[in-house]
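Trainee: Please find one structure pasted underneath; my questions will follow.
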Amino acid sequence: MKADPATALNLVMLGPPGAGKGTQAERFAQSHGVPKISTGEILREAVADETALGRAAKEVMDAGRLIGDDIMVGIVRERLARADAKAGFVLDGFPRTVTQAAALDEMLGTEPLVVVDIVVPEETLVRRLASRRMCEDCAHSALPEEQGCPKCGGALVVRVDDGAGVVLERLRVYTEQTAPIVEFYRGRPNFRAIDGTRSPEEVQDAICAAVATVSGGAA
Ligand SMILES: [Zn+2]
């Protein structure tokens, strides 16, 4: 809209399942007044709206295949072109491949991009994921301190799909997929690795501090 693209607050958040990435992306979006763009959500939206890309995505998913880079990049491109993303955004779940990361660079041109990697050791993730709870009514992922669902008041139950074997496999897949993306970004001045073992508040502060230093105080 009106914001100077040179000061846009564009953030990519990387981090394994259990690192609290979704929560942090949500908090950052709220505190900085930028949209949180999660690929799962915009994919569902595109399918529901029956856009050309949404229809293509549905065809791929109905055939039991994974959404490829072309469709994913197209859907993200359309979302980032909307007015509310002009002053910045937080991306959660994108890029998932180096091809997608390169496409994002191309979309942004000279606009700055901050990349935050939330780092948590595997033992901690396994412990967190194995005890992770969700709302049995609305599937909200509960924070450790929550006693009931903050969204609908439903009961919080341990996620049945999070047994240790499943957790380790998810982490292995994540690391395998993400390692090349971390390598793609690591050498850049706007890349920050954040210690994700601390409390959600401390992690949030660290992310804000990182963004403030790399974007010259625009945060
Ligand atoms: Zn709920």
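The values are calculated or read from the model by the stated rules, or taken from the named source; none is laboratory data. Computed from a prediction, not measured in an experiment: that's the story for all the values here. Don't worry about glycine lacking a Cβ; one is built from the backbone with ideal geometry, like all the others, and counts go over all protein chains shown. For accessibility, only protein heavy atoms count, side chains too; no ligands or nucleic acids. Shrake-Rupley method; radii C 1.70, N 1.55, O 1.52, S 1.80 Å.
Trainee: Mind checking which residues of the range 141-172 are of a type outside the set (A, V, I, L, M, F, W, C), assigned to a loop (DSSP other than H, G, I, E, B) and touching a strand residue (DSSP E or B) at 6+ places or on another chain (Cβ under 8 Å)?
Mentor: GLU146, GLN147, GLY148, LYS151, GLY154, ARG159
Trainee: How many residues are in contact (Cβ under 8 Å) with a residue 60 or more places away in the chain and either of a type outside the set (A, V, I, L, M) or under 27 Å from ARG77 (Cα atoms) (or both) if we restrict to the range 110-141?
Mentor: 14
Trainee: Identify the residue in the range 111-135 that is modelled with pLDDT under 90 and open to solvent by less than 30 Å² (accessible area, probe 1.4 Å) and, among all such residues, is nearest to the ligand (Cβ to nearest atom).
Mentor: Per the stated criteria, the residue is CYS135.
Trainee: I'd like the residue in the range 142-169 that is open to solvent by 70 Å² or more (accessible area, probe 1.4 Å) and touching a residue at least 24 places away in the same chain (Cβ under 8 Å) and, out of all such residues, is farthest from SER131 (Cα to Cα).
Mentor: Per the stated criteria, the residue is LEU168.
Trainee: Then there is this: Just one of the numbered conditions (1) surrounded by fewer than 17 Cβ atoms within 10 Å (Cβ to Cβ); (2) under 27 Å from THR97 (Cα atoms); (3) in contact (Cβ under 8 Å) with a residue 12 or more places away in the chain; (4) away from the ligand (no atom under 16 Å from the Cβ) is not true of ARG172; which one?
Mentor: Of everything listed in (1) surrounded by fewer than 17 Cβ atoms within 10 Å (Cβ to Cβ); (2) under 27 Å from THR97 (Cα atoms); (3) in contact (Cβ under 8 Å) with a residue 12 or more places away in the chain; (4) away from the ligand (no atom under 16 Å from the Cβ), ARG172 misses just condition (3).
Trainee: Report whether or not CYS138 is open to solvent by less than 40 Å² (accessible area, probe 1.4 Å), within 16 Å of the ligand (Cβ to nearest atom) and either under 28 Å from GLN100 (Cβ atoms) or part of a loop (DSSP other than H, G, I, E, B) (or both).
Mentor: Against the criterion (open to solvent by less than 40 Å² (accessible area, probe 1.4 Å), within 16 Å of the ligand (Cβ to nearest atom) and either under 28 Å from GLN100 (Cβ atoms) or part of a loop (DSSP other than H, G, I, E, B) (or both)), CYS138 does not qualify.
Trainee: While we're on this one: Quick one: count up the residues across the range 187-201 that are touching a residue at least 40 places away in the same chain (Cβ under 8 Å), within 21 Å of GLN24 (Cα to Cα) and not hydrophobic (A, V, I, L, M, F, W, C).
Mentor: Residues that pass the stated criteria total 6.
Trainee: A follow-up question, please. Among the residues of the range 178-216, what is the count of those that are among the basic types (Lys, Arg) and assigned to a helix (DSSP H, G or I)?
Mentor: Counting residues in the range 178-216 that are among the basic types (Lys, Arg) and assigned to a helix (DSSP H, G or I) gives 1.
Trainee: Identify all residues within the range 78-125 that are assigned to a loop (DSSP other than H, G, I, E, B) and among the hydrophobic types (A, V, I, L, M, F, W, C); write none if there are none.
Mentor: Once the filter is applied, which keeps residues that are assigned to a loop (DSSP other than H, G, I, E, B) and among the hydrophobic types (A, V, I, L, M, F, W, C), the range 78-125 yields ALA81, ALA87, PHE94, LEU113, VAL120.
Trainee: If you go through the range 36-48 one residue at a time, do you hit one that is surrounded by 14 or more Cβ atoms within 10 Å (Cβ to Cβ), modelled with pLDDT of 90 or more, over 28 Å from VAL167 (Cβ atoms) and not charged (D, E, K, R)?
Mentor: Yes, that holds for at least one residue.
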